[in-house]
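Remarks on the structure that follows.
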Amino acid sequence: MGDMENWPEIEKAATEKRRELVFQGPAFDERISADGGLASVLYSLTLLNYLEVSQCPSLTEIHEDIQRLTNLQSLILCRNRLASVPNVVGKLKSLKVLDLSVNNLSSLPEGITQLKELTTLNVSCNSLEVLPKGLTQCTRLSNINVSKNRLTGFPADFYSEKLDLLSILVASDNSIEQLSGDVHKLAALKVLDLSNNKLKEIPADLSDCAKLKEINFKGNKLNDKRLEKMVNGCQTKSILDYLRGKKGREEGGEADGGRKAEKGKRQQRKKKGADDQDEVEELNKMVVRVLHVSDSPAALSVTVSAEVKDVRPYLVCCVVRGMNLKSGNALKRFLVAQTKLHDDLCGKRTIATIATHDVQLIKAPLAYDVKPPTQLKVVSLGRKEMTAVELIKHLQVEADELRKQKKRQNVTGLHKYLQLLQGKAMYPCLVDAEGHVISFPPITNSEKTKIKKTTKELFLEVTSAASLQTCKDIMDALIVKMAELNKFTAEHREEAGSDGEAEGPQDPAASIEPSSELIVQQVRTVDQDGNLKVVYPSKTDLCNDISNLTVIW
């Protein structure tokens, strides 16, 4: 184990009586590897209420002295290579958030069931085959993520009224064969994701979950083929209505007068069936049309410098036309959706970052390059022009203020992605033909190319230090979400300016029924010699079995 001299962060935390400590990335991983683990002195910081050790593949175990950190409220040990977690973790009686995602865990300690204050449990992306019995003792649990494991089911005692605060249950990409009808006992359930499992049936009792707003059963081969079609194409309400009708039929057949009730319900089902079919067909009209680079000689391209390899090497871009941002709250919905993607798929920008620009405000050609922090100048969103050093300093101050407002219980999302650039001699940036920085990932994009309600063409970029496929997956998700939002806007026919913003003269074309079709123009990224690096979208993109989306090449 290392000592205080090798871990100045621990010494500083002890001296300043800090409540939070974060070790993240290669620099810390090297120290963990050299010392054979985390420094033992870490466990003397008994005032800590937030501890994060992430992206350190040399971390394979946690010492039992972790039990000394009795004030911990958040323990984040994600993206390491933990093979086990000591049972004494159950002695962290104040713990509210436990994140063990993306490790090598094949089992969880029973001690977890003793965490009475636990609200969030994330053990996704491991190799778990079973969950410990007794999770119902964690009566404050509200969010459980067990996706991407090897689970075949839930413990018998899992479906319990004791978990009356559980609102989000994500168990996608496992081998779960059965969902018990007792799932209705989880009365607070709002989100249920069991996509890509081995379910044959969906219990009709699921319709008794009164608060359920979002369900996902895609990727399961159901015996009820009509239900399977609805699962792959319909919204939650339609599926729950169908299950409710199925339950009613079952109960009606057993009750006195069931035949008469069944006759009326058959008529309702016939009408409902037609409505469901119409809904499926309507959803299938969600269309994305891809324009090839060869069909547009003036298409944007991005030249990537060799120097980005050591900073933030992966980038994909495209141009989207047909996105209606002018009507009603369409722009606000899009910005909210982008923020949600940043928080979820992008891991609060630690995995990848999305940036959007108004094509009309971009001076082509573009270059993805690096600059020294003192020379990179950007007009950040809502701010004046400043250097990257000044901007990060401002953001750090804001993050610290936010942390103080929350009584030092959490490290903010700002803290997490600001640290990604620590120790970097050069910073990544997207630069236009006039030398202006229009994007500084993962921090900000420029006020100069900011999208507005009047924006008709969007330039989208996704950058990451993880992998090219990560960029593509997130861009896929962004475009699918844009298609969904565009369809929503078209269906609801909101008037421009309905959110209270002033508008100019009414466009005569506004009376024409809007189209929800999106057009995605391919964008090439090339090296400094003009050799192709990647073109997005390619034939292998936008093809993740999204049944309610039609992609026309």
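The values are calculated or read from the model by the stated rules, or taken from the named source; none is laboratory data. From a predicted model like this one, the values you see are computed outputs, not experimental measurements. Cβ coordinates were reconstructed from backbone atoms using ideal geometry, including for glycine residues, and neighbour counts include every protein chain displayed. Note: areas computed on protein heavy atoms with side chains; ligands, DNA, RNA excluded. Shrake-Rupley method; radii C 1.70, N 1.55, O 1.52, S 1.80 Å.
Would you work out the relative contact order for segment 93-185, in percent, from Cα pairs under 8 angstrom that are 6 or more residues apart?
Result for segment 93-185 is 25 percent.
Test of understanding: what is the full-extension gain from Ser305 to Ala187, defined as 0.36 nm times their sequence separation minus their Cα-Cα distance? Walk me through the numbers on the way to the answer.
Values: separation 118, 0.36 × 118 = 42.48 nm, distance 5.40 nm.
Gain on stretching Ser305 to Ala187: 37.1 nm.
Quick one: accessible surface of Lys404, probe radius 1.4 Å, all protein chains present, in square angstrom to the nearest 10.
Its accessible surface works out to 110 Å², give or take rounding.
Return, ordered by residue number, the residues of segment 70-89 whose backbone nitrogen is under 18 Å from a label point located 7 Å along Cα→Cβ of Glu129.
Label zone hits: 83-85.
Using the alpha-carbon centroid of each, what span in Å lies between segment 433-465 and segment 336-350?
Segment 433-465 and segment 336-350 have Cα centres spaced 16 Å from each other.
Measure off 7 Å from each Cα along the Cα-to-Cβ vector at Ala367 and Ile519, then give the distance between these two points in nanometres to one decimal.
Simple spin-label model gives 3.1 nm for this pair.
Could you calculate the contour length gain from Ser94 to Ser180, that is, 0.36 nm times the residue separation minus the distance between their Cα atoms, to one decimal place in nm?
27.8 nm
I'd like the Karplus ³J(HN,Hα) series for segment 174-187: coefficients 6.51, -1.76, 1.60, θ = phi - 60°, whole numbers in Hz, and an x wherever there's a Gly or Pro.
10, 10, 5, 9, 8, 10, 5, x, 5, 4, 5, 6, 7, 5
Modelling each spin label as a point 7 Å along the Cα-to-Cβ direction, I'd like the Thr60/Asp35 distance in nm, to one decimal.
Taking the two extended label points, one gets 1.8 nm.
For segment 1-102, which GluC sites (Glu not before Pro) pass both filters: DSSP loop (anything but H, G, I, E, B) and at most 16 other C-beta atoms within 10 Å? Numbers along the way, then the final one.
Working: sites: Glu5, Glu9, Glu11, Glu16, Glu20, Glu30, Glu52, Glu61, Glu64; in loops: Glu16, Glu61.
Answer in residue order: Glu16, Glu61.
Rounded to the nearest 0.05, what FRET efficiency do Ala27 and Lys225 give with R0 = 35 Å and r taken as the Cβ-Cβ distance? Could you check?
Step by step, r from the Cβ atoms, then E = 0.05.
Taking the Cα-to-Cβ direction at Gln360 and at Arg150 and moving 7 Å from each Cα, how far apart do the two end points lie in nm?
5.6 nm
Taking a threshold of 28 Å on the Cα-Cα distance, which of the pairs Lys116/Lys237; Lys348/Lys371; Lys93/Lys424; Lys91/Lys218 fall above it?
Table pairs above 28 Å Cα-Cα are Lys116/Lys237; Lys93/Lys424; Lys91/Lys218.
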